[in-house]
Amino acid sequence: MSEQMLFGLCREEGPRVDDLLRAMAGGLRARGLPVAGYVQERLSAPDCSCPGILLHDLATGAAHGISEKRGPGASGCNLDWAALTARAGDLERAVAACAPALVIVSRFGKAEAEGRGFCGVIETCMERSVPVLVAYRTGFAEAWAGYHGGLATELDGRDAAALLRGVGMAGEDAGSQ
């Protein structure tokens, strides 16, 4: 495994980042390596103009909503900050309890750019020498770079196998997408 502990993945086009991350996690689990983290799923709601967001736990398979149900005509951010904080706390406790082979944070977004969200998880991983892969969109590239201060290695995210090679965990059944 690589000595590097923090990895970034900027994704806008091609296979959906959550599909890539899910495939990557599956490749690691197939080799008996524990993976922790979340991937996102956007849900459309016919009675609301804002889509909902589910976080799927890569270790347990549980799905957790992190959106406020604000009703028809609502606009703006519908992130449920308390739900996001709860999921981050759950992940931080999981990292402390089992030291997974890799932690996946599927978004470095608004919350993280403000120093909230999954920032504590990323920092716990770094303190415990647990590799962590953080995905972000180009709109958050500057905030991501400012957050990690040059400590992250940027990965090529064409497919799950490339991601596994990038984090130093490639194997025969690395998975591809």
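The values are calculated or read from the model by the stated rules, or taken from the named source; none is laboratory data. For clarity, every value in this text was computed on a predicted model and none was experimentally measured. Please note: Cβ atoms are built from the backbone with ideal geometry, for glycine as well, and neighbour counts cover all protein chains shown. Just the protein is used for accessible areas: all its heavy atoms, side chains included, with ligands, DNA and RNA removed. Shrake-Rupley method; radii C 1.70, N 1.55, O 1.52, S 1.80 Å.
Of MET24, MET126, the residue with the largest accessible area leads and the full order is MET126, MET24 (1.4 Å probe). Close amide H pairs (under 5 Å, H built 1.01 Å from N) link ALA59 with GLY37, residues at least 5 positions away or on another chain.
Let me know the charge dipole size of the stretch 92-177 about its Cα centre in debye, to the nearest 20, where only the beta-carbon of Lys, Arg (+1) and Asp, Glu (-1) is charged. Kindly include the intermediate steps, with their values, before the conclusion.
On the way: 8 positive and 11 negative charges, 40 e Å.
Using only the charged Cβ atoms, the result is roughly 200 debye.
Computed from the Cβ-Cβ distance with R0 of 25 Å, the FRET efficiency linking GLU127 to LEU43 stands at 0.15. The 3J(HN,Hα) values that the Karplus relation (6.51, -1.76, 1.60; θ = phi - 60°) gives for the stretch 142-150 are, in residue order, 5, 5, 4, 4, x, 5, 8, x, x Hz. Gly and Pro appear as x.
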